[in-house]
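Below: one structure, written as structure tokens.
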Amino acid sequence: MRMAIVMFGFCLASMCVGAQQGTTTATPPNPCAAPEQKQLEFWVGEWELTWPGEKQGEVVHGTNSIRRVLETCVVEEDFSGESAMHLRGMSVSIFDTHAGKWKQTWVDNEGGYLDFIGEFKDGQMILWRDAVRPDGAKVVQRMVFKNISRNELDWSWEASKDGGKTWEVQWPIHYKRRS
């Protein structure tokens, strides 16, 4: 019995020491303060959008509002095709410090749900996903932010049927910051 009490006391003391040591460990870094969080800063703001219409020479318009939310940790997008198209949608983007990649989720008024992963490299933000078309064919889809300046940028929705060897631009959009 005496041995059991001694062992219980030893275990209790060990737990207390472990708990005290646990309180002195450094707080893990805030993932929202990671330097990579600034990589999408170019996109934050109010934007006028233009892209080619269905008719030759036609230019159609939309808007996109991008802001930081949730203590600036998340980049939130609110897209409107305006009168040019029915599409309205939103996305949330975050830099995943564990994966070392950006992640974005898009949802829209047509029942769309898309999830992307990507990175900022060589002056471009590229987010991609593997998808399956309605006919069962596998395709890689990506969006590319390029020609980035303070007040303008180009964005394109692209698809590859050969695993990313070649790309077809399916929807080019020019962004111009609202003044």
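Taken together, the values in this text are just the output of simple stated rules run on the coordinates, not laboratory data. Source: prediction; values computed, not measured. Backbone-built Cβ (ideal geometry, glycine too); neighbour counts: all protein chains shown.
A few notes on this one:
- Classification of region 60-179 by its C-alpha gyration tensor yields a rounded form. The axis ratio a/c (a ≥ b ≥ c) stays under 1.5.
- Judged by the mean number of other Cβ atoms found within 10 Å, the most tightly packed of the peptides 65-73, 36-44 leads the ranking 36-44, 65-73.
- Rounded to whole Å, sorted largest first: equivalent-ellipsoid semi-axes of region 34-118, Cα gyration tensor: 27, 14, 12
- Within the same chain, lysines fewer than 8 places from residue 121 are excluded, and of the rest, those with a Cα less than 26 Å from its Cα are 38, 101, 103, 138, 146, 161, 165, 176.
- Taking amide hydrogens as placed 1.01 Å from N in the peptide plane, the amide H of residue 82 sits under 5 Å from those of 63, each at least 5 positions away in sequence or on another chain.
- Considered as an equivalent ellipsoid built on the Cα gyration tensor, region 117-179 has semi-axes of 25, 12, 9 Å, the largest given first.
- Per-residue HN-Hα couplings for region 31-37 [Karplus 6.51, -1.76, 1.60; θ = phi - 60°; Hz; x = Gly/Pro]: x, 6, 9, 4, x, 5, 4
- Rounded to the nearest whole Hz, the Karplus-based 3J(HN,Hα) values (6.51 cos²θ - 1.76 cosθ + 1.60, θ = phi - 60°) of region 161-172 follow the sequence 9, 10, x, x, 6, 10, 10, 10, 6, 9, 7, x, with x at glycine and proline.
- Within region 77-140, the ratio Rg/Rh, alpha carbon atoms throughout and Rh by Kirkwood, equals 1.03.
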